[in-house]
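Below is one structure; the comments refer to it alone.
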Amino acid sequence: MPAPKKPESKMSWLDFAFGVASRAAKKLHTEYQAGREGRPTPAEKPRRAPQHATRPAGPPWWEVLRVPRGATLAAISAAYRNAIAKNHPDKVAHLSDKLRQVADQETRRINAAYEEARRAAGRKA
């Protein structure tokens, strides 16, 4: 018994080339229109950071907030408030700019740890 024949493609190489050229022309036209209207071209659209961005390097949230790893949301919130009260940049506003910058960095680190802790507590519940 002979091997079955493969069905022949109905698209010729000319049709394929025309399709490629058509898509390229459409892309160029879109970029041209975007430039005339002053909006970014599709290739220049700014990318948003993913919501599930990787955790920055450093100690885990429970060490930053000084709570046990399995702490409740109430304990996490209390530890967050205490840490922010100690490290807020407004507490050192009358001192040097360098100390204010350090306090600002520490506040950012505490806020990031608190957000991560709230997400972790939400998953646990």
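So, in the stretch 81-101, exactly how many residues are open to solvent by less than 90 Å² (accessible area, probe 1.4 Å), modelled with pLDDT of 90 or more and under 27 Å from the mean Cα position of the chain (by Cα)?
Here the count works out to 2.
Of all residues in the stretch 102-125, which are among the hydrophobic types (A, V, I, L, M, F, W, C) and either in a helix (DSSP H, G or I) or modelled with pLDDT of 90 or more (or both)?
Within the stretch 102-125, Val102, Ala103, Ile110, Ala112, Ala113, Ala117, Ala120, Ala121 qualify.
In the stretch 86-100, which residues are touching a helix residue (DSSP H, G or I) at 6+ places or on another chain (Cβ under 8 Å) and either in contact (Cβ under 8 Å) with a residue 24 or more places away in the chain or not in a loop (DSSP other than H, G, I, E, B) (or both)?
Result: Asn87, Pro89, Lys91, Val92, Leu99, Arg100.
Hey, could you check the stretch 1-15 for residues that are at pLDDT below 70 and assigned to a helix (DSSP H, G or I) and say which is most open to solvent (accessible area, probe 1.4 Å)?
Among them, the one singled out is Trp13.
The values are calculated or read from the model by the stated rules, or taken from the named source; none is laboratory data. On a predicted model such as this, the values are computed, not experimentally measured, just so you know. When we count neighbours, we look across all protein chains shown, and the Cβ atoms used for this are built from the backbone with ideal geometry, even at glycine. Side chains included, ligands, DNA and RNA excluded: accessible areas come from the protein's heavy atoms. Shrake-Rupley method; radii C 1.70, N 1.55, O 1.52, S 1.80 Å.
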